[in-house]
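The next block holds one structure in the form of C-alpha cells; read it before the comments.
The values are calculated or read from the model by the stated rules, or taken from the named source; none is laboratory data. Please read these numbers as outputs of a predicted model, since none were measured by experiment. Every residue, glycine as well, gets a Cβ built from its backbone with ideal geometry; the counts of neighbours run over all protein chains shown. Heads up: the accessible areas ignore ligands, DNA and RNA and are worked out on the full protein's heavy atoms, side chains in. Shrake-Rupley method; radii C 1.70, N 1.55, O 1.52, S 1.80 Å.
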Amino acid sequence: MNELPLFGQDVWWLVLVKAVLIFVVLVLLTLFNIWWERRVVARMQHRIGPNVHGPFGLLQSLADGVKLALKEDIIPKAADKVVFVLAPVLVVIPAFVTFSVIPFGPEVTMFGERTPLQLTDMPVAVLFVMAIASIGIYGIVLGGWSSGSTYSLLGGLRSSAQMISYEVAMGLALVAVFLYAGSLSTSEIVAAQEDWWFGAILFPSFVIYVISMIGETNRAPFDLPEAEGELVGGFHTEYSSLKFALFFLGEYINMATVSALATTLFLGGWRAPFWIDEIWAGANEGYVPLIWFFGKMLLFIFFFIWLRGTLPRMRYDQFMDLGWKVLIPAALVWVVLVATMRYVSTAYELGTQEILIGGGVLLALILLWGFFGPEETGEPVEDIHTAPTGAYPVPPMPSGGAQRGAAAPLTFPSRTQATVTHGASEES
Amino acid sequence: MIAFWVLAPLMVIAALGVVLVRRAVHSALLLAVVMISLAVLYLTLEAPFLFAVQIIVYTGAILMLFLFVLMLVGVDAADSVVETIRGQRLLAITGGLVMGVLLVVVVAQISLGTMVGMGAANAGGNIEGLADLLFSRYVLSFEATAALLITAALGAMLLAHRERLEPKEGQRAMAARRMQEYGTSGRHLGPLPSPGVYARHNAVDTPALLPDGTPATDSVSRVLAARGTVRSAPALGDVEDVQRTLGDVGGISGGSGSATDTSAGGGYNTENPDTRPQGDDWPEGDE
C-alpha cells in the first residue's frame with residue numbers, strides 16, 4: 001500500500017524481533033501491573049502489599065504465576081471439552097494481536113535498519129483493533145457456556161452483553177478522532193496530534209472513551225461479569241490452573257491495550273507531553289519516546305487501579321442504562337456537533353473569532369431559553385414514611401446526637417520498640 | 001495466492017462441519033471460522049475496510065447473537081437423529097446432490113475475464129474511495145438501508161414493549177416497603193440466603209442449611225424447585241453418617257468439630273457416602 005510508506009518494508013527477521021519484543025513486553029507488563037495493582041490498592045487501604053520477594057516485592061506476581069500454572073488442572077464432567085480448552089486461547093491470542101498496530105515510537109535504528117517502533121500499521125488500524133477485540137469476546141462467551149455451570153453461563157452472558165454495548169459507545173467516541181485526524185491508521189493519528197492532543201480538543205469523546213474502556217475490560221466498578229457476591233467467579237468459575245492463568249493474562253493485556261489505544265488516540269501517543277520537545281529537540285527522536293508512551297499508558301492503568309480501590313460495583317440495570325441511555329446518545333450528539341463544526345469551519349473558512357462569537361450567541365440563546373422557557377412541572381417528590389414504626393429493633397440514639405467523623409484512634413499498652421517494628425515488617 | 005490455497009480448504013472443511021456437526025454451538029463456531037477466513041481473504045484482495053467490517057459486523061455482532069440464543073439451550077443439547085418425516089433424509093440428500101450438480105454445471109459454463117480497475121478504485125486509498133462512492137453515487141441506497149435497519153430495530157422494540165400499569169418501584173420505596181412488611185408480618189427483609197451455605201456443597205441446587213440443620217427452602221431458585229431438580233436427601237442423614245464414621249474410627253478429633261456438633265457439616269449427601277475418604281484428611285466442612 002502506498003498510503004503508509006514506512007510499513008511493510010522490514011526484513012523478515014526484524015519483523016520477528018519486533019513481534020517477540022511485543023510479546024515479552026506484554027507479559028512483563030502484566031506481571032508488573034499485577035504487582036502495581038496490589039501495591040496501590042494496598043496503599044489505598046492502609047496496608048503495605050507484597051514487599052518481600054524481590055526488590056519492592058516485584059517478583060511476587062512471578063511466584064504467583066508459577067504457582068498458578070503448577071496447580072491441578074480440572075475439567076468439569078459437564079463441560080464441553082473442546083470448547084472449554086479453546087476458550088482461554090481465544091481470549092489471549094486476540095489480546096496479543098491487537099498490540100501489533102500500536103505505535104510505541106517514531107522511526108529508529110534497530111540492528112542497523114531504519115524501522116518504525118511499531119510492528120505494522122494499516123489504513124484501518126483502529127477498526128482492526130476493534131475487530132480483533134470482538135473476537136476476544138468469543139473466548140469469554142464460550143468459556144462461560146462450555147463450563148456447564150449456571151454461574152459461568154450467566155457470567156459469560158453478562159460479560160458479552162456488556163462488552164458489545166460498550167463497544168458501540170467506544171466506536172462512536174472514536175468517530176470524532178477519525179474526523180479530526182482524517183485517517184484510521186494509528187501512526188497517522190499520532191502524527192495528527194503534533195500540536196494539540198485530541199484529548200484536549202475532543203474532550204467529551206475522551207471522557208466517553210475512558211468510561212467505555214473500563215466497561216469493555218470488565219473492570220471495577222463495571223466488573224459485573226465476575227461479581228463475587230452473585231456469580232462466584234463469573235465466566236471463569238470452573239477454570240483452574242493454566243487455563244485460568246490465560247484468562248487472567250488476557251484481562252490484564254486488554255487493560256494495557258485499551259490504555260495504549262487511549263494514549264495513541266487522545267494523548268498524543270509517543271509524543272512528548274507539555275511541549276517538552278520545544279525545549280529539548282531530542283524528546284521526540286530515537287528511543288526516548290518510549291518513556292512518554294509507557295508513562296502515559298501506566299497513568300491510565302493507575303487510573304484503572306484507582307477506580308477499583310475507590311468505587312463500589314454498580315447494579316446491572318443501572319450499568320446498562322448508563323451505556324445505552326447516556327453514553328451512546330451523548331456520543332451521537334457530540335459526533336454530529338463535531339461534524340457540523342468541521343464542515344462549517346472548512347467550508348466557510350471561519351476564523352477563531354467568528355466561531356467563538358457564534359458559540360457565545362448559541363450559549364446565550366440556550367441560557368435565555370432556560371430562564372424564560374416553559375415552566376417545569378416537576379413531579380411532586382413522594383414523601384415516603386420511613387420513621388421507625390417500632391417494629392424493627394433500632395438501638396437508641398447516643399446522648400448528644402449522632403456521632404460524626406472518625407472514631408478515636410485505638411491505643412494499646414506500650415511494648416518494647418523492637419517487637420513492634422518486627423511485627424510491622426512481617427506484615428505484607 | 002498462498003493465502004487462498006491455505007484458507008480455501010479450511011473454509012470448505014469448516015463449512016461442511018457447519019452442516020455435519022451435531023451440536024448447534026459447534027456449528028456456530030465453525031461458521032465463525034468461515035467468516036474470519038473470508039475476512040482475511042478480503043484483506044489479501046486489498047479491501048482492508050471490508051476485512052474489518054466483516055469481522056466487526058458478522059463475526060462480532062450477528063454471530064454473537066446466534067450464540068446467545070444457542071447458549072441458552074444448554075451444553076448437552078444436540079440434534080435428535082430420529083427422522084420425524086419418513087424418507088426426509090433421502091430426499092434431502094438427493095435434493096442437495098441435484099442442486100450441487102446444477103450449480104457446478106452452470107458455473108462451469110460461464111467464463112469471467114480478469115478483474116480490472118482495482119488500482120484505479122483504490123488510487124486515493126481504499127477507505128477514501130469507498131467513502132466517496134457511498135456518500136455520492138450510492139447515498140440514496142445507503143440512507144435507505146440505514147432507515148430500513150432502524151425501522152426493524154424500532155419494530156422489534158415495539159413488539160417487545162410492555163405498557164407499565166403502575167409506576168416502577170424505586171430503590172427507596174422498595175426498602176420502605178420491605179421494612180413495613182417486616183414490621184407487620186415479620187418477613188425477613190435482607191436478601192435471600194444463597195444456596196449451599198453451611199451445606200456440604202455450594203451448587204445452586206443444594207439448599208442452604210439453617211443453624212439448626214434444617215434446609216432453607218428460600219435459598220434455591222423457584223425455577224429449580226418447580227423442575228424438581230433440588231437435592232432432597234433428609235436434612236440430617238449426612239450428619240449422622242459423619243457421627244457414625246467418627247465413632248467407628250475413634251480417636252480422631254481433628255479440627256474443632258466434636259461428634260455432637262451438627263451445625264457446620266450437616267449437608268446433603270449427594271454422592272456415595274460410603275466411599276468418603278476416612279482418616280486424617282477428613283474435611284471438616286467445605287472450604
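Quick notes on this one:
- By a 1.4 Å probe calculation restricted to protein chains, residue A:130 has an accessible surface near 20 Å², given to the nearest 10.
- Amide H contacts of residue A:105: A:117, each under 5 Å away and 5 or more positions distant or on a separate chain (H built 1.01 Å from N in the peptide plane; Pro and chain starts excluded).
- Placing one equal scatterer on every Cα of region B:1-73 and applying the Debye formula, the log10 ratio I(q)/I(0) at q = 0.16, 0.17, 0.20, 0.22 Å⁻¹ is -0.58, -0.64, -0.83, -0.94.
- Local electrostatic count at residue A:133 - Lys and Arg +1, Asp and Glu -1, tallied over other residues with Cβ under 9 Å: -2
- Amide H contacts for residue B:213 (H built 1.01 Å from N in the peptide plane; partners 5 or more residues away or on another chain; cut-off under 5 Å): none found.
- Within chain A, helices built from complete DSSP H runs that reach 15 Å or longer along their own axis (Cα positions) and carry a mean Kyte-Doolittle hydropathy of -1.0 or higher are A:12-44, A:81-97, A:125-146, A:150-181, A:203-216, A:241-266, A:289-310, A:328-347, A:352-372.
- Sorted peptide list for A:250-263, B:104-117, B:172-185, criterion being average Cβ within 10 angstrom, highest first: A:250-263, B:172-185, B:104-117
- Partner chain coverage, peptide B:127-140 - average Cβ within 10 angstrom: 1
- Shielding by other protein chains, B:51-57, mean Cβ within 10 Å: 6
- Just checking the listed ones, A:159, A:414, A:134: in the Gaussian network model of chain A with Cα springs under 10 Å, the one fluctuating most is A:414.
- Taking all protein chains into account, the per residue accessible area for region A:6-158 stands at 45 Å² (1.4 Å probe).
- Leading residue at positive end of dipole, chain A (Cβ point charges), from A:179, A:335, A:248: A:248
- Whole-angstrom gap from region A:173-240 to region A:79-155, using each part's C-alpha centre: 15 Å
- In a reduced charge model with +1 at each Lys and Arg Cβ and -1 at each Asp and Glu Cβ, chain A shows a dipole moment near 1260 debye about its Cα centre.
- Max-minus-min Cα coordinates of region A:1-122 on each principal axis give 51, 42, 24 Å, with the largest extent listed first.
- With Cα atoms as the point set, the radius of gyration and Dmax of region B:127-195 evaluate to 25.7, 72 Å.
- Between region A:317-373 and region B:103-124, the Cα center-to-center distance that results, in Å: 47 Å
- Packing, taken as the mean count of other beta carbons within 10 Å per residue, orders the peptides A:160-167, B:19-26 from highest to lowest as A:160-167, B:19-26.
- Counting only protein heavy atoms and a 1.4 Å probe, region B:1-73 has 55 square angstrom of accessible area per residue.
- Accessible surface buried once A binds B (1.4 Å probe; total of both sides; Å²): 3300 Å²
- Of every Cα-Cα pair in region A:72-363, the percent that sits beyond 25 Å: 52 percent
- A loss of 50 Å² or more of accessible area (1.4 Å probe, protein heavy atoms, ligands and nucleic acids excluded) relative to the isolated chain is seen in these residues of region B:25-44: B:29.
- By average C-beta atoms within 10 angstrom, highest first, the peptides B:62-68, B:153-159, A:33-39, A:357-363: A:33-39, B:62-68, A:357-363, B:153-159
- Rounded, prolate or oblate (a/c below 1.5 giving rounded, otherwise prolate when a/b exceeds b/c) for region A:169-211 by Cα gyration tensor: oblate
- Rolling a 1.4 Å probe over the protein chains gives residue B:214 an accessible area of about 60 Å².
- The mean number of Cβ atoms from other chains found within 10 Å of a Cβ in peptide B:178-189 is 2, as a whole number.
- P(r) tail, region A:234-314: Cα-Cα pairs separated by more than 19 Å, 54% of all pairs.
- Here r is the Cβ-Cβ distance between residue B:159 and residue A:194 and R0 is 60 Å; the resulting FRET efficiency, rounded to 0.05, is 0.70.
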